[in-house]
Amino acid sequence: MKDKRQDLIYIYDTEHHKIIVIDSETGNRIQEEDDQVTSLLKYLHEENNPILLRRFAVWCARQINDELKPIQKKILDLAEKAVQEETEEKELRELYQETEGTAIATDTTGMMQGNKNAPAYLAARECINPDPLEGAIQAARFHRLWAEMKDKEDDLNDVALKEVKAEASKSTIQEVEQQQTNYLLDLMNE
């Protein structure tokens, strides 16, 4: 039986504008199943509630973006305007397309090198995804990826640790998913 803990490679798919996950041992793409967060996001989409989807994406991005670079601030400001319905989809699409090159570069250099600023930038960018559902799903994934990278970094900083874990502990990911679920449920109950 294969151990669930494996080295994963995250690659930005420029054609579909989202992150894909590859098993580093086999080179095969890992098929994603809907988790609780994704199911709730799809429910909000079915209920035709793009504002809550965008609010959730912004929340995810803000959880991991302590220090905003100017482009991240510009992106999140526009996303906040979209939440307040003070902007047109055209503006979102233009900035999303304008930042495509940066997203590819961030994936190529940042993600591959394990820089936790990479998922922070990519999560912020997903807040202005013209498709609010896809943006929310990807922002949630980048939020979890950031937590996984942070967990690895914390392990590397622990000098008493003899063996570094290959992947974030399941409890770290579950904790982030639970935070996301709780926030979504709070949004739905407003």
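Since every read-out is calculated from the coordinates, none of them should be taken as a lab result. Note that the coordinates shown come from a computational prediction; the quantities given were computed from them, not determined experimentally. All Cβ positions, glycine included, derive from the backbone under ideal geometry; neighbour counts span all protein chains shown.
Using the Cβ of residue 67 as centre and a radius below 13 Å, the other residues enclosed give a net charge of +3, where K and R count +1 and D and E count -1. Under 1.5 on a/c is rounded, so check that first for the range 62-110, then, if it is not, pick prolate when a/b is larger than b/c and oblate when it is not; a ≥ b ≥ c are the square roots of the alpha carbon gyration tensor eigenvalues. It comes out oblate by the Cα gyration axes.
Computed from backbone phi with θ = phi - 60° and the Karplus coefficients 6.51, -1.76 and 1.60, the 3J(HN,Hα) list for the range 127-139 is 5, 10, 4, x, 9, x, 5, 4, x, 5, 4, 5, 4 Hz; x is used for glycine and proline. Placing a label point 7 Å from the Cα of residue 9 along the Cα-to-Cβ direction, the residues of the range 29-46 whose backbone N falls under 17 Å from that point are 29-31. Label-to-label distance for residue 178 and residue 109 is 3.8 nm, based on points extended 7 Å past Cα in the beta-carbon direction.
Sequentially through the range 52-69, phi angles give Karplus couplings (6.51, -1.76, 1.60; θ = phi - 60°) of 5, 4, 5, 4, 5, 4, 5, 4, 4, 5, 5, 5, 10, 10, 5, 10, 8, 7 Hz, Gly and Pro residues having no value and appearing as x.
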